[in-house]
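Please read the structure below before turning to the comments.
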Amino acid sequence: MLVALPAAGASLPSQQARADQLAQQIVAQGAAVQRAVVQQDAAQARLTSLDGQLAATGARLLRDRRADTRAARTLRRLVVQAYMTGIGSASLPTIFDAGNDAAVLAREYSGVAAGGLQQAISAFRAAEQRTEITVAALRSQRAQASAALARLTAARQSAQASLAQDVVLLAQAKGDIAALQAAAAEQARQASAQEAALAQEEAAQAARQKPLLQAPQPTPQPTTPQPTTPQPTTPQPAVLPVAQAAPQPTPQPAVQTQTIPTAAVRPGPGGYVDPLRAIAGLSPERIDQGVDYSGYGPIYPIGDGVVLNTVNTGWPGGTFITYRLTDGPAAGLVVYAAEDIQPSVQVGEQVSPTTVLGTMYEGPDGIETGWADSTGNGATMAYVAGQFTGANATAYGANFSQLLAALGAPPGVPNGTPAGSLPSNWPTW
């Protein structure tokens, strides 16, 4: 058996140490990605708030300018009217008491009636200028918030890229470890086979070289007794048999090297398969909106489907992969796999039980998988149905845990009595 070995000089302890170091880096990078997502969300919220303030202040400035135009036009008409009719400033209060629209506007600038026309206009201009200053300040703050958001977005993308690279390196390191283990097993098998062959050859050679203990003697002939006194007959040595060759050892079958099998697809209820069958170190955790797990490795769909989404910054790690099932008893329902996963698919892609949705890495949060709402954009069925309050088990999470158990995966850890219930037509397992 040929075994692909790692780079020259690599040893099993060094590769295991390298894998441990990469796993620690992945945990730290997963936490960095999560912090970047939180900071990016905060910057986006700040930018949205500033946009709202700018819109409101701009609208107020526009209203003020329109009011300024109307007021100036009304004041000019009142002055002309006073000049044409000969009404003095002492009589202006009478005009301001009139019930027409012009009088209503004029009363807003009652200082004119006392001869303060210029003062009223100056006060209005000052208010307008303050509004313009506010708009300028908001625009400056928005520019700063936009630049900060761009930096945070770049930082998040860089952290995700580093995380993806280390996930690939960790997979390579684990592959190197498997290759070294396989090579060691193959060397042990060959050494055992050589030792067995050598022992067999030595036994055969010893049997060929071993001499006879004694050659066979002819059978003595009987003698006729003589009348004289019989003489004692010298005893003849016993004839010894030919030495037998040593028994040959039975050849033992060669030790077969165990290889790590690929993720087998074993259909379960409804033709679905275990999506977590290739996760190394898989450990079930609590049941809540879905089911939480820790471990690392590829995640597959439970059946045929179409990818709806891969990202949602509201989830730890920013990953929220969803696909709508197109076969089996749950056809039309949407499944999600979220959190510490590096996506491998794109929106709109057709997937099957052998398609890798993404690679789970050893991040700070693990993964969560379960039933998503029909949009597949980031909400779960448990949340939409009002079953989830932050950490409790839900009917939808318990149902998905039962499905995973039926497919051969370990079920989630019970987390109290599940809240809520399922629709009457929801599939059960």
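The values are calculated or read from the model by the stated rules, or taken from the named source; none is laboratory data. Since we're looking at a predicted model, the values are computed, not measured. When we count neighbours, we look across all protein chains shown, and the Cβ atoms used for this are built from the backbone with ideal geometry, even at glycine.
Would you confirm, using the coordinates I've provided, whether Ser374 is outside the structural domain of Gln39 (by TED's automatic domain parsing), under 20 Å from Gly397 (Cα atoms) and in a strand (DSSP E or B)? Against the criterion (outside the structural domain of Gln39 (by TED's automatic domain parsing), under 20 Å from Gly397 (Cα atoms) and in a strand (DSSP E or B)), Ser374 does not qualify.
Modelled with pLDDT under 80, small (Gly, Ala, Ser) and either closer than 25 Å to Ala150 by Cα or out of contact with any Lys or Arg (no Cβ under 9 Å at 6 or more places or on another chain) (or both): is that true of Ala42 in this structure? Break it down stepwise before answering.
Working: modelled with pLDDT under 80: no; small (Gly, Ala, Ser): yes; either closer than 25 Å to Ala150 by Cα or out of contact with any Lys or Arg (no Cβ under 9 Å at 6 or more places or on another chain) (or both): yes.
No; evaluated as a whole, the condition is false for this residue.
Does the range 409-428 include one or more residues that are part of a helix (DSSP H, G or I), of a type in the set (S, T, N, Q) and touching a residue at least 24 places away in the same chain (Cβ under 8 Å)? Scanning the range 409-428, I find no residue that is part of a helix (DSSP H, G or I), of a type in the set (S, T, N, Q) and touching a residue at least 24 places away in the same chain (Cβ under 8 Å), so the answer is no.
Within the range 353-365, being crowded, with 22+ Cβ neighbours inside 10 Å and small (Gly, Ala, Ser) holds for one residue alone: Gly363. Just wondering, is there one or more residues in the range 370-389 that are more than 25 Å from Asp327 (Cβ to Cβ), surrounded by fewer than 19 Cβ atoms within 10 Å (Cβ to Cβ) and free of Cβ contacts under 8 Å to residues at least 60 places away in the same chain? Within the range 370-389 (the criterion being more than 25 Å from Asp327 (Cβ to Cβ), surrounded by fewer than 19 Cβ atoms within 10 Å (Cβ to Cβ) and free of Cβ contacts under 8 Å to residues at least 60 places away in the same chain), the answer is yes, since at least one residue qualifies.
Kindly indicate whether Pro343 is buried (at least 18 other Cβ atoms within 10 Å of the Cβ), within 13 Å of the chain's Cα centre (by Cα) and at pLDDT below 95.
no
Does Ser122 qualify as being at pLDDT 80 or above and among the polar types (S, T, N, Q)? Write out each step before concluding.
Details: at pLDDT 80 or above: no; among the polar types (S, T, N, Q): yes.
No.
With the structure loaded, tell me whether Gly332 is at pLDDT below 95 and at positive phi or whether it fails that test. Considered against the rule, which asks whether it is at pLDDT below 95 and at positive phi, Gly332 comes out as no. Is it fair to say Tyr300 is surrounded by 22 or more Cβ atoms within 10 Å (Cβ to Cβ), hydroxyl-bearing (Ser, Thr, Tyr) and under 28 Å from Ala23 (Cβ atoms)? Spelling it out, Tyr300 is indeed surrounded by 22 or more Cβ atoms within 10 Å (Cβ to Cβ), hydroxyl-bearing (Ser, Thr, Tyr) and under 28 Å from Ala23 (Cβ atoms).
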